[in-house]
Each structure stands twice: as C-alpha cells, then as structure tokens.
Amino acid sequence: MSKIKTAFFCQQCGYESAKWNGRCPSCGQWNTFVEEKIQKDVPLRNNNWKQEAPSRSDNIINLSEISGTEEERLLTPDAELNRVLGGGIVPGSLVLVGGEPGIGKSTLFLQNALLLPHITTLYVSGEESAQQVKMRADRLGIKNDQFYLLTETSTQTIFQEVKKLHPQLVIIDSIQTLQSPFIEAAPGSISQIRETAAEMQRFAKETHTPVFLIGHITKDGAIAGPKILEHMVDTVLQFEGDQHYSYRILRTIKNRFGSTAELGIYEMTGQGLRQVTNPSEILISQREDQLSGVAIAATMEGMRPMLVEVQALVTQSVYGTPQRTATGFDLRRLQLLLAVLEKRGGFHFGVKDVFLNIAGGIRVEDPAIDLAVLCALLSSYEDTAIGSKICFAGEVGLSGEIRAVNRIEQRIAEAEKLGFDKIFISRYNKKGGAGKFDIEVVPVGRVDEVYQQLF
Ligand code: TYD
Ligand code: MG
C-alpha cells in the first residue's frame, strides 16, 4: 500500500524537514517552509557484493576506450556569449541563466536564437503568449525561418513536440513555470524545479541537444529554487545590471566547460541588446577638464583588460559619525583602504564623509583596482586632480605596500592602446614589461611614494 507522504521544504535552500519550521535551521531564513508531496523510492536491498560476475559489464568503460575528443561547439554570432560559455555552446549541455525581472534575459536569448543561422531552435515560453514573443521579435527586427515557438509548461508535452521537431537548441523561459505531470506540487516549488530540471538534464544528455534554462532570482540575488539546481546544470550564468543604466553584464558563476572569470558586456538599446566590444571606452567618461577625485584603474575581468573610472568624494563630515558609501566596490575594502591611509599615511579620514563610485554601474572584484581607489580618495582629499592620462594597477596591502597583480603586461598594453601616458604599477611586478612599451611605467613600492609622485 502506498501512502502519499509529505515533507516541508525550505524554498530558499531546499532543506527538508518533517515538520514546519518558522526559521530554516540550514540557511536561517524566516517563513520559507512549504509543505510538498513527495514520492519516496523503495531502496534497493539486493546489493549482493558476494555474487560473482564473470567479467565487467558493458556499463563500465575504460577511459582509453572512449573515442572522440572534445565535441564541436556551436558558435553563436554573439562573441560575448561565446566567451562567457567558454568558447561556444557545448552539445548536450544544460545552462541555467539567472537574473532579475526585466533585466533582459528573454531578450538576450530570443535575440541569440533568432540570429543563429541554419539551426532549428525551439523556444518554450511559459511566461509570455505567442503574440508577445512575436512583438518582441519584430522589435528586434531579425528574421529566421528555423525558429519555433511553443507556449507550454508541461515537460511531457514539450518532449512530445521535441520528438517531432528535432530542434538543435532548446530554450526554456522559465524553469519556474515548468511542470512535470509526475509530481503534484505547484510550478515553481522546490520539488517541481528539481524534477523538471532533472528531466531537462536527461533530455539534454541523451539527445545531445543543448538546453538553456532561464531562471528567476530571489530578492537577495540567488537563483530561486534549491541550491541543488546549480549542481545539476553544467553552467550557471548570471545576467545583471543596474536598472538606471543601460549596461548589462553576463557573468559565469559555474562552468564545467570553461573559466568562470569571463564576462560579457551588453548595452540595452531600442532594438535589443548590443554587444560592447570595447568596454573601456564606455567606462571612462569623456571629459575635457580635469576633476579631483577621479582615478583610472587598469583592471582585468577574466581574460579581458578593462579600464575603469573610480570616482571619490571626500568632504567634511557634518554629523558625529562620518559616512562611508561605496557603489560597485566592496564597502569593507573601502574602510580597510581608509584605515591604511590613516595609519600609514597620516591622513585624517576619520572626520570626513567618504563616497566612492565605480563609473558605468559595474562591480569590480579585481584587487588591482585598490591603487586607483586609494589615489581617487587622496585626490579628492587634497582637492587636486590627477592627470587624465595616468592610470593605476596595484593591490594595496595592510602595511601600505603596493602589491603585485597578475597579467600586468596585458593591463599595460590596454592602457597604452587607449592613449594613456603613464601607468603606476607595483615595484614587485618584476618583469613589468620594461622597454616593451611606449607608455611610461612607474613602479612604486609604498603608498607614500605614490603620493609624492602625484601631489
Ligand atoms: P526582458 O527580456 O523581458 O526581461 P526578463 O526576461 O529578464 O524579465 O526585458 C525587458 C526589458 O527590456 C524591458 O524593460 C524593455 C527592455 N527592452 C529594450 O529596452 N529594448 C528592446 O529591444 C527590448 C526587446 C526590450
Ligand atoms: Mg522574461
């Protein structure tokens, strides 16, 4: 006799519990438990290790017997997407793409699917009607007669259609609307997401069809659904950007087929997303007069060098507790740099309000931006502008030393290409490419040396 069992699942992290909890013991979130029906598998009890088999079965393969090397990847016309995926779409891969509502996930994948020539694409939309998708395609102005649309949420119906169409690429918009008839829970619940993702994974692996799953994210930025969803897929991409800027960034969070340090930059225009091939140009404001509090950092995002403008404003504090605000930069890192300046340089930031902003609405995690942040702070503190043809690449240590950063030659080359005259780097970046460049490379060892050279 089979009895339907239920359990409570945390909608945040997927923690399973027999009873309802107000607070999840695993992730600490409140009010996240929802009761869901589960089907418990009967465990297999006939594992008889002693039974002797004559030889190994066909299921076990010797690695050297597997033929073929890396399969041919499907290159999209979108160079940014290809790079983020690690060099094109891998056949049979399952890619999850997360992002806030309205950021442009549907636009990105509709656009890419429409641009792929000679590839049969099936776009499954559970969120929008066929007319809505058509309207968007018209707006993008791209025509493709191998693009098929299905508005459906049941996975089994989708698979039936797939059998007839034989698409070479499947896009699911979104995983939260999918429903498997084998599970009774509502679409978007933990067990549905888990089951439908597993069905999609089996489909992708067995038919060698790449599948893209578009997913929503929760208010604190995680992809809605259990964390295990991220383990089930091959690649996790995040599409992000500031609502007030038109720039969008496609980041890799996980990638079984490439580096996770890659980044794609797009601009949202009236006709869809435009690839930004030279990000430095948009990230540095074109200005004639020199302003204090501005410094340019030569950063790297993945394998791509990028020059970024750092803006700082240091003012006399009117309240007892001085304010510190950072946009696009880690606030704790800013506090650390201020403490270094206070202790090692004797600057009194303790009585000042400090505001820091990375231009263009992007977030930089490369530690090489430290030196530019520090110089922007000093420039605003002294109210003296830094020459607009100077840039910086260096990490700042706790004792005020300027530390070496990776790929220094690429950074210097990019700065030179963009017409900079001078770049400050760490003295410890030994090679530093001396002699190879026309740009003046200034090695510095400590914060006070930089100060003396600049002001
Ligand atoms: P959408 O792809 O629907 O976002 P998501 O699927 O991530 O929820 O993007 C919607 C936004 O993009 C909407 O605010 C309008 C804007 N947009 C443009 O600015 N230009 C365009 O060509 C398109 C298609 C959308
Ligand atoms: Mg959408």
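The values are calculated or read from the model by the stated rules, or taken from the named source; none is laboratory data. Note that the structure is predicted; figures quoted are calculated from it, not measured. Here Cβ is always computed from backbone atoms with ideal geometry, including for glycine, and neighbour counts include all displayed protein chains. To get the accessible areas, we keep the full protein, side chains included, count just its heavy atoms, and leave off ligands, DNA and RNA. Shrake-Rupley method; radii C 1.70, N 1.55, O 1.52, S 1.80 Å.
Annotations for the structure displayed:
- If you check ILE172, ILE119, ILE103, ILE183 for being in a loop (DSSP other than H, G, I, E, B), in contact (Cβ under 8 Å) with a residue 24 or more places away in the chain and either within 16 Å of ligand 1 (Cβ to nearest atom) or of a type in the set (D, E, K, R) (or both), only one passes: ILE103.
- Any hit, the range 318-339, residues being of a type in the set (Val, Ile, Thr) and buried (at least 17 other Cβ atoms within 10 Å of the Cβ): no
- Taking the conditions (1) in a loop (DSSP other than H, G, I, E, B); (2) away from ligand 1 (no atom under 16 Å from the Cβ); (3) touching a Leu at 6+ places or on another chain (Cβ under 6 Å) in turn, TYR148 satisfies each one other than (1).
- Filtering the range 137-151 to residues that are away from ligand 2 (no atom under 16 Å from the Cβ) and either closer than 19 Å to LEU94 by Cβ or of a type in the set (Phe, Trp, Tyr) (or both) leaves PHE147, TYR148.
- Considering only residues in the range 359-375 that are more than 21 Å from ILE408 (Cα to Cα) and touching a Leu at 6+ places or on another chain (Cβ under 9 Å), the one that is surrounded by the most Cβ atoms within 10 Å (Cβ to Cβ) turns out to be ILE362.
- Unique residue being open to solvent by 20 Å² or more (accessible area, probe 1.4 Å) and within 16 Å of ligand 2 (Cβ to nearest atom) when the list is GLU100, GLU71: GLU100
- The strands (runs of 3 or more DSSP E) falling completely within the range 237-278 that include 3 or more residues that are aliphatic (A, V, I, L, M) and either more than 16 Å from ligand 2 (Cβ to nearest atom) or surrounded by 14 or more Cβ atoms within 10 Å (Cβ to Cβ) (or both) map to 247-255, 263-269.
- Restricting attention to the range 105-132, the residues being open to solvent by 10 Å² or more (accessible area, probe 1.4 Å) and either in contact with a Pro (Cβ under 7 Å, 6 or more places away or on another chain) or within 11 Å of ligand 2 (Cβ to nearest atom) (or both) number 9.
- Across the range 171-192, the number of residues qualifying as buried (at least 17 other Cβ atoms within 10 Å of the Cβ), away from ligand 2 (no atom under 16 Å from the Cβ), modelled with pLDDT of 90 or more and not hydroxyl-bearing (Ser, Thr, Tyr) comes to 1.
- Selection status of VAL354, part of a helix (DSSP H, G or I), away from ligand 1 (no atom under 16 Å from the Cβ), at pLDDT 90 or above and among the β-branched types (Val, Ile, Thr): no
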